[in-house]
Structures are given as structure tokens and as C-alpha cells.
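Let me begin by presenting the structure, written as C-alpha cells, before commenting on it.
The values are calculated or read from the model by the stated rules, or taken from the named source; none is laboratory data. Please read these numbers as outputs of a predicted model, since none were measured by experiment. Note that each Cβ is placed from the backbone with ideal geometry, even for glycine, and that neighbours are counted across all protein chains shown. Remember, those area values only see protein heavy atoms, side chains included, never the ligands or the DNA or RNA. Shrake-Rupley method; radii C 1.70, N 1.55, O 1.52, S 1.80 Å.
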Amino acid sequence: MIVAKHMTERPVVVGPDDFLLTAERKMKDGGFRRLPVVHTGILVGIVTDRDLRRYHDSLDKVRVCLVMAHPVITVVPSDGVEKAARLMLQHKIGGIPVVRDQEVVGIITRGDLLRVFVEILDGSDEGTARIDFLPASDKGALNEAFAAAEQGGAEVLALGTHRERWGGKPICYFRLRSEDPNKLAELLRQKGYAVVGVYE
């Protein structure tokens, strides 16, 4: 999954010589928490609602360039969403401008990444579920689990791994469409897989 597919395109921006009052109005109008700062088409900084709160008594007197963060952490449209997530965690930020040749083409936020997470792991769509199971040690185990899903009449929509804690043992999952995911889970157990959970 790449950033380009999940970012907000053509984000609202502010200029470095604009007053913070202008940035505040744009944030309120759009429901944003951050704005890329652009000068002559080039990204030069980023300003956040936290910056505005620090200057709440002088928004009409202080210019964006005096409080914006720079240089700016960025990603490019072809980067994976995993990179964006790692950067947000590492730098404790809520959004990252997406640039192409220093021009802002989008912005990706924690909200966007949460939607990606839900798309991958959510089993709440009608008729779908997720089954988590521990991978077996031999190399063909995942193929056998996939075959068991087909044998159980399930349509596998997604396959992947996740960890319950950082550095922990990977847990495999199927996101699938099945009339009876619990029956499929039992079939996996019969074939020697440790089923961690079924999420409908």
C-alpha cells in the first residue's frame, strides 16, 4: 500500500508571510490540525494548531515563518504507508506532507493510517471475518492453511501478519468471506494450527 492511494490530495496550504490568524481560519474552515507552508510552490515548513495555541493572543501580529517547523519531515507518493507510520511514531507527529520535486502534492495523517489499518484487519463488513493463527515452523504451513480455507468454502480476501506487541512473535491472519468462520477455525485447529481468535 502506497502513500499516494491514501493521502489527501492538493492540501490547503499557507504562506510563510501570512499571519497566524490566516492559518487559524484555514484550519478551522477545513477542520485541519496542520498546514504545509509553501513559498513559490516549494515546501518550506509546517505549522500546527499547537503552534497557534502558543500565540493565541497575537495571531494577527505573528507571521507563520516565525513559528513554523522546518526542515519538514516528508514522504513521496510512492513510499509505503509503513514508512509514513514509522516516521509519525518516531517523531511524534500527526501528519506528513507528501512531496514530489519539493512541491506539496498531498498530506497523510494518523487518521488516514487508521483507515488503512481498518481496511486491512477489520472483519466487520457483512459476511467477512478475520481469523488469526500462529504460523507453523515448516515453510509449507501457510500454503496448507490457505488450502484449508478453500476446502472450508471460504474466499480469502487478504493474508498477512501482525504482532500483538513490538518485537513479538508474528501472528498470521486471513481476512475472508465465509458463511461460518468458526467452522473454518476448527478445521485449522484439526490441521494443527493454533487459532488465536476469530473476529466477525
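Any chance you could count how many residues in the range 62-98 are in a helix (DSSP H, G or I) and open to solvent by less than 90 Å² (accessible area, probe 1.4 Å)?
The first filter runs over the range 62-98 and keeps only residues in a helix (DSSP H, G or I), leaving 64-66, 81-91.
With open to solvent by less than 90 Å² (accessible area, probe 1.4 Å) added as a condition, the list becomes 64-65, 81, 83-85, 87-88, 91.
Residues meeting the conditions: 9.
How many of the residues in the range 37-61 are surrounded by fewer than 18 Cβ atoms within 10 Å (Cβ to Cβ), within 22 Å of residue 10 (Cβ to Cβ) and either polar (S, T, N, Q) or in contact with a Pro (Cβ under 7 Å, 6 or more places away or on another chain) (or both)?
Of the residues in that region, 2 qualify.
Would you confirm, using the coordinates I've provided, whether residue 38 is within 30 Å of residue 119 (Cα to Cα), outside any loop (DSSP other than H, G, I, E, B), touching a strand residue (DSSP E or B) at 6+ places or on another chain (Cβ under 8 Å) and not basic (Lys, Arg)?
Working: within 30 Å of residue 119 (Cα to Cα): no; outside any loop (DSSP other than H, G, I, E, B): yes; touching a strand residue (DSSP E or B) at 6+ places or on another chain (Cβ under 8 Å): yes; not basic (Lys, Arg): yes.
Criteria not met by residue 38.
Which of the residues spanning the range 40-66 are closer than 14 Å to residue 22 by Cβ and of a type outside the set (D, E, K, R)?
Answer for the range 40-66, where residues must be closer than 14 Å to residue 22 by Cβ and of a type outside the set (D, E, K, R): 47, 52, 55, 58, 59, 62, 64, 65, 66.
Take the conditions surrounded by 15 or more Cβ atoms within 10 Å (Cβ to Cβ), at pLDDT 95 or above and of a type in the set (Ser, Thr, Tyr) and apply them to residue 8. Does it pass?
Values: surrounded by 15 or more Cβ atoms within 10 Å (Cβ to Cβ): yes; at pLDDT 95 or above: no; of a type in the set (Ser, Thr, Tyr): yes.
Taking the combined requirement at face value, the residue does not satisfy it.
Would you confirm whether any residue within the range 24-32 is at pLDDT 95 or above, assigned to a loop (DSSP other than H, G, I, E, B) and buried (at least 17 other Cβ atoms within 10 Å of the Cβ)?
Looking for residues that are at pLDDT 95 or above, assigned to a loop (DSSP other than H, G, I, E, B) and buried (at least 17 other Cβ atoms within 10 Å of the Cβ), one finds none in the range 24-32, hence no.
Would you mind stating whether residue 105 is open to solvent by 20 Å² or more (accessible area, probe 1.4 Å), outside any loop (DSSP other than H, G, I, E, B) and modelled with pLDDT of 95 or more?
Values: open to solvent by 20 Å² or more (accessible area, probe 1.4 Å): yes; outside any loop (DSSP other than H, G, I, E, B): yes; modelled with pLDDT of 95 or more: yes.
Here the answer is yes, as residue 105 does meet what is asked.
Restricting attention to helices (runs of 4 or more DSSP H) lying wholly within the range 108-200, give those where 2 or more residues are at pLDDT below 80. It would help to see each step written out before you state the result.
Values: elements: 110-121, 141-151, 181-190.
Per the criteria, 110-121, 141-151.
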